[in-house]
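Below is one structure; the comments refer to it alone.
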Amino acid sequence: MSGGAFDYQQRYIEEIADDIEQEIIEAGQKIPQEVWEKNHWYGGSYDDSDRTYPTYERKTIDIMKRAVYVLRMAYIYAKRVDWMLSGDDNEESLVKRLDKELKALKAKYPSGKFTFKEKDIYYDKECERYMLNEDK
C-alpha cells in the first residue's frame, strides 16, 4: 500500500461516496425478507406495506448524485497528493495519474453524476444489498 501522508484517511471520503450511492440505489426498493429480519434498524414488526427503503424527491436524488461525484473527485485528488507527498510519485506522475483517474471518473459519470434505470438494479443475496448491473 502506498501513500500514508494523510494516514490513509482519504478512504473515508470514498466510503461516504459509496454509502450515498447505495442510498440512491436502494431508494424505494423493497427490503428483502432476510435483511428485514436480520437488521433491527428496519423495525421489529413485519409490515409488507412499508417494507421499502426510504424514497427521496427527484431534486434530493440529484443533489445526492452530485455529492457522489464530488466526493469521488475529492478522493482522487487526496489520494494522488498523498502519494506525491509520501514519495511514491513525483510531480510529473502526480499530474499524469491525476489526469488519468479524472478522465476515468468523467467517463463513468459523464454528466457529473451517475444515472441508472430501474432495470439496471438487481439484488445480490450474497452481499445482501441492491447493486447496479455494472458492479457485477
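Rule-based calculations on the coordinates, nothing more; no lab input. Not measured: the values here are computed from a predicted model. Quick reminder, even Gly has a Cβ in these numbers, built from the backbone with ideal geometry, and neighbours come from all protein chains shown.
Using the Karplus relation 6.51 cos²θ - 1.76 cosθ + 1.60 with θ = phi - 60°, the per-residue 3J(HN,Hα) values for the stretch 106-111 come to 5, 5, 6, 10, x, 8 Hz, with x marking Gly and Pro. The length gained by stretching the chain between Lys59 and Val95 to full extension, at 0.36 nm per residue less their Cα-Cα distance, is 9.5 nm.
Anything over 26 Å Cα to Cα? Flag those among Lys79/Lys125; Lys30/Lys79; Lys30/Lys113; Lys59/Lys108, in the order listed. Walk me through the intermediate numbers first.
Working: Lys79/Lys125 32 Å; Lys30/Lys79 36 Å; Lys30/Lys113 24 Å; Lys59/Lys108 21 Å.
Distance filter (> 26 Å) returns Lys79/Lys125; Lys30/Lys79.
Placing pseudo-labels 7 Å out from each Cα toward the beta carbon at Arg129 and Glu14 gives an inter-label distance of 1.4 nm.
3J(HN,Hα) along the stretch 82-94, derived from phi through the Karplus expression 6.51 cos²θ - 1.76 cosθ + 1.60 where θ = phi - 60°, amounts to 4, 4, 5, 5, 7, x, 7, 10, 9, 5, 5, 5, 4 Hz, with x in place of Gly and Pro. GNM remark for the chain: springs join alpha carbons under 10 Å apart, and the peak mean-square fluctuation among Ala107, Ala78, Ala67 falls on Ala107. What the phi angles of the stretch 23-30 give under the Karplus curve with 6.51, -1.76 and 1.60, with θ = phi - 60°, is a coupling list of 4, 5, 4, 7, 3, x, 6, 5 Hz, glycine and proline written as x. Here the sum of -39500 (n - 2.57) over DSSP H runs of 4 or more residues, divided by the residues of the chain, equals -17000 deg cm²/dmol at 222 nm, to the nearest 500.
Of the listed values (1) 11, 33, 27, 13, 8, 5, 2, 1, 0; (2) 12, 41, 38, 9, 0; (3) 11, 32, 29, 19, 7, 1, identify the label whose number matches P(r) over Cα pairs in 10 Å bins from 0, in percent calculated from this model. The value computed from this structure is option (3). Note on Asp7 and Ala74: the model spin-label points, each 7 Å out from Cα along the C-beta direction, lie 1.8 nm apart. Would you work out the relative contact order for the stretch 10-135, in percent, from Cα pairs under 8 angstrom that are 6 or more residues apart? The value is 29 percent.
Placing unit charges on C-beta atoms (Lys and Arg positive, Asp and Glu negative, everything else neutral), compute the dipole magnitude of the stretch 10-135 about its Cα centre in debye, rounded to 20.
Values: 22 positive and 28 negative charges, 130 e Å.
Its charge dipole is roughly 620 debye.
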